[in-house]
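The values are calculated or read from the model by the stated rules, or taken from the named source; none is laboratory data. Since the structure is predicted, the reported quantities are computational estimates derived from the model, not experimental observations. No Cβ is skipped: glycine too gets one built from the backbone with ideal geometry, and neighbour counts run over all protein chains shown. All accessible areas refer to the heavy atoms of the entire protein, side chains included, with ligands and DNA or RNA removed. Shrake-Rupley method; radii C 1.70, N 1.55, O 1.52, S 1.80 Å.
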Amino acid sequence: MSTKRIVVLISGSGSNLQALINACAQGDIQASIVAVISNRPRVYGLERAQAAGIETQTLDHKNFAERAAFDQALKALIDSFQPDLVVLAGFMRILTAEFVQAYTGRMLNIHPSLLPAYKGVHTHQRALDDQAQIHGASVHFVTAELDAGAVVLQAEVPVLAEDTAETLAARVLVKEHRIYPQVVAWFCAERLSYQDGAAYLDGQRLLAPLKLKHNAV
Ligand code: GRF
């Protein structure tokens, strides 16, 4: 099996990117991250990539009048690296259906909620506002409908009475750094696949998201 090529898209700090970089370096993911692309200049995630010797590119969406024009330029840039997998790691842009279509079954995203709950933004504050007892994160395949693609793996965290959106986000992020490398590792080992809107692990259709065990550190 050939070593897979991954392109990671970011918009900010890149802590999920760092977890993927570490997992590749440790051999837990049989792949190499061949490029990191940011839609925002000078974000910390780019520094993390450069420190790991990974090529970085910035494609500032502010330089494009139309969303479709940005997506076309982004697709051309991504394809120039010939990736097997595109990973969205804190990439805060809504992508057009045309763009998403081109990467069906080979583009993953991490979302800071237990999908289908709290699609979109401000997930931690919304969970607090609803007095949710349990919250978490989800890794899913990307489809044209926002945060609606087949969910592969989730991690749950308790919501504490004294939580703020920041303290809850920090607890969820720790779990994100566990589940994202796991799902990317499955994909790169050709154990995870996607067909007709569903995810398959080792040939078994996932009828519900897999869950990271509570006591998994
Ligand atoms: C994460 O919580 C991720 O789920 C969300 O954006 C945040 C980005 O974090 N999409 P980082 O940039 O990976 O640190």
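Listed highest first by mean packing, meaning other Cβ atoms within 10 Å per residue, what order do 20-26, 66-72, 175-181 come in?
175-181, 20-26, 66-72
So how much slack lies between Leu207 and Ala117, counting 0.36 nm per residue of separation and subtracting their Cα-Cα distance, in nm?
30.7 nm is the gain from fully extending Leu207 to Ala117.
Run the helix sum for the chain: -39,500 (n - 2.57) per DSSP H stretch of 4+ residues, divided by residue count, reported at 222 nm to the nearest 500 deg cm²/dmol.
-10000 deg cm²/dmol
For segment 76-91 and segment 103-157, what is the centre-to-centre distance using only Cα atoms, to the nearest Å?
For segment 76-91 versus segment 103-157, the Cα centre distance is 21 Å.
Which FRET efficiency value, to the nearest 0.05, do you get for Ala169 and Ser2 by plugging their Cβ-Cβ distance into 1/(1 + (r/R0)^6) with R0 = 30 Å?
0.20
Restricting everything to alpha-carbon atoms, can you work out Rg to Rh for the chain with a Kirkwood hydrodynamic radius?
0.95
In the chain, what percent of the accessible surface is made up of carbon and sulfur (1.4 Å probe, ligands and nucleic acids excluded)?
Carbon and sulfur together cover 51 percent of it.
Taking a point 7 angstrom from the Cα of Glu66 along the C-beta vector, which residues in segment 84-105 have backbone N less than 11 Å away?
Of the residues in segment 84-105, none has backbone N under 11 Å from the label point off Glu66.
I'd like to compare 110-116, 144-150, 79-85: which one has the highest average count of other Cβ atoms within 10 Å, and what's the full order after that?
The densest-packed peptide leads the list: 110-116, 144-150, 79-85.
Before anything else, pin down the relative contact order of segment 90-217: Cα pairs under 8 Å, at least 6 apart, normalised by residue count, whole percent.
Relative CO of segment 90-217 lands at 24 percent.
Return a whole-number percent for the relative contact order of the chain, with Cα pairs under 8 Å and 6 or more residues apart as the contact set.
Relative CO of the chain lands at 19 percent.
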